[in-house]
Amino acid sequence: PSPSSSTPGAERREKQYRAHRGFGDRRGGVISARTYFYADEAKCDQHMETFLRCIDASSGSSVDGFSAIKLTALGRPQFLLQFSEVLVKWRRFFNQMAAEQGQAGRAALEMKLEAEKLQEALANLGIATKAESQHWFTGENLGVSGTVDLLDWNSLIDSRTKLSKLLLVPNMQTGQLEPLLSRFTEEEDLQMKRMLQRMDTLAKRATEKGVRLMVDAEQSYFQPAISRLTLEMQRRFNRDRAIIFNTYQCYLKEAYDNVTVDVELSRREGWHFGAKLVRGAYMEQERERAAQIGYEDPINPTYEKTNEMYHRCLDYILEEIKHSRKANVMVASHNEDTVKFTLRRMMELGIHPSEKKVCFGQLLGMCDQITFPLGE
C-alpha cells in the first residue's frame, strides 16, 4: 500500500523485514528445501491435514518417530515477517541499553541490566513510568536479583501479555519513538490465532502418537518468529520429554547466541530442550536479498566459520545433555567430520546411543557411505 494508506511508522519498517516483491516467490536459489507459497487459509488447512497424516504414518512405522513441518505452510508469511521484526527490534533495544551500561561485546546471556537503571532509562525515554515498569518486573517475579537479562526482557513480550500493544522503542536511525507493533488488524490477529491453532493441533497429535515434531528453519527474515512460536510450543509440550524440536541454522552469525539463550530458558523453566542442527539451505537467496535490499548479510562469511559454529553449538548442547539429561539434539549433517566429532564427544561425555538423546538426520540416498556405518 502507499505510505498514506498504511499505518504510521510502517514505511520506516526495517529493510530486512519488509515484504519484497522480488522475493515473493521464495523457491529460487534454495538447495534441498521445500518452499510453500501462501494461497489462502483453506490451503493452510490442507497442509495441516497432510502433516497430520505424516505424523500418523510416522507413528505407525517406528517407535519415537520424527515428522518435520514448516510454519510457512500453516499461515500467512507476512505475519511471520512482522512478528520477526518486533522480536528483533526488542532484542536490539536491550543490546543498546546494555551498551549504555558499559556491557557491549558480552555474550548474550552475560549482559545484565540493573533493574533500577533500566527503569530510569525507560522513564527518560518516555516509554514507561517508574510505576509501570516496576509493575512489569515484580509482576513477572523478575528483577528479584536486581538485574534483568535477555530472558527476563524477552518474557515481557509474551503472547499472554498485552504489553506489546503499549510499547514504544527508539528507532536508532531517526532517534524517534515508534510503536513496536503497528497494531495488528483484526484479520492479522485472526491469521496469527489460526496459525497457532494449527500448530497446537499438530503438537497434540504428535504427543498422542509418540512422534517427535521438528519445526523446520526457514529464511532468516522469518526465523525469529518461527523460533519464538516453536519455543512457546516447547514450553507447553516438552514438560516430560522432548516432543517439539526447534531447528538452528549454523550458517547464521547469531546461531550460538540463539542456542545458548534457548537452552538457558529451558533450564530455568524445567522443560526438555529439543534441537535439530543444520548448516542451512538458503544461503544464495539470503545473500542476494541482503545485497539487493541493503541490510547486513546474516550468514557467516566462510564455510569454515559455519563448521566452527556448528561444532560450537553442538558441543554446547552435548554438555547440557551430560549435565541435565534434559536436552536432545538431532545432528542433521552429511559432513563426515561432524559425524565423527559427535561420536567422539558422546563417548567422552558418557552419552550412550541407547539414551536416544542424540540422533542423526540424513537425506535418503545422500552420503550412504556415512549413513550405513552410522546405523551400525
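Which ones in segment 213-232 are out of contact with any Ser or Thr (no Cβ under 7 Å at 6 or more places or on another chain), closer than 23 Å to Asp64 by Cα and buried (at least 23 other Cβ atoms within 10 Å of the Cβ)?
Within segment 213-232, Thr230 is the sole residue that qualifies.
Would you be able to tell me the number of residues in segment 352-374 that are closer than 12 Å to Ile321 by Cα and either buried (at least 18 other Cβ atoms within 10 Å of the Cβ) or touching an Asp or Glu at 6+ places or on another chain (Cβ under 8 Å) (or both)?
Within segment 352-374, residues that are closer than 12 Å to Ile321 by Cα and either buried (at least 18 other Cβ atoms within 10 Å of the Cβ) or touching an Asp or Glu at 6+ places or on another chain (Cβ under 8 Å) (or both) number 3.
What single numbered condition from (1) at pLDDT 65 or above; (2) in contact with a Phe, Trp or Tyr (Cβ under 8 Å, 6 or more places away or on another chain) fails to hold for Asp45?
(2) is the only condition that Asp45 fails.
Determine whether Met172 is farther than 16 Å from Leu71 by Cα and either at pLDDT below 85 or outside any helix (DSSP H, G or I) (or both).
Against the criterion (farther than 16 Å from Leu71 by Cα and either at pLDDT below 85 or outside any helix (DSSP H, G or I) (or both)), Met172 qualifies.
Please verify whether segment 63-75 includes one or more residues that are in the same structural domain as Leu231 (by the TED database), touching a Leu at 6+ places or on another chain (Cβ under 9 Å) and farther than 30 Å from Ser155 by Cα.
No.
Looking for something in contact with a Ser or Thr (Cβ under 6 Å, 6 or more places away or on another chain), open to solvent by 10 Å² or more (accessible area, probe 1.4 Å) and part of a helix (DSSP H, G or I) - is there at least one such residue anywhere in segment 54-65?
Yes, there is a match, as at least one residue in segment 54-65 is in contact with a Ser or Thr (Cβ under 6 Å, 6 or more places away or on another chain), open to solvent by 10 Å² or more (accessible area, probe 1.4 Å) and part of a helix (DSSP H, G or I).
The values are calculated or read from the model by the stated rules, or taken from the named source; none is laboratory data. Model, not experiment: these values are computed from the prediction. Because the Cβ atoms are built from the backbone with ideal geometry, glycine has one as well, and the counts that use them run over all protein chains shown. Heads up: the accessible areas ignore ligands, DNA and RNA and are worked out on the full protein's heavy atoms, side chains in. Shrake-Rupley method; radii C 1.70, N 1.55, O 1.52, S 1.80 Å.
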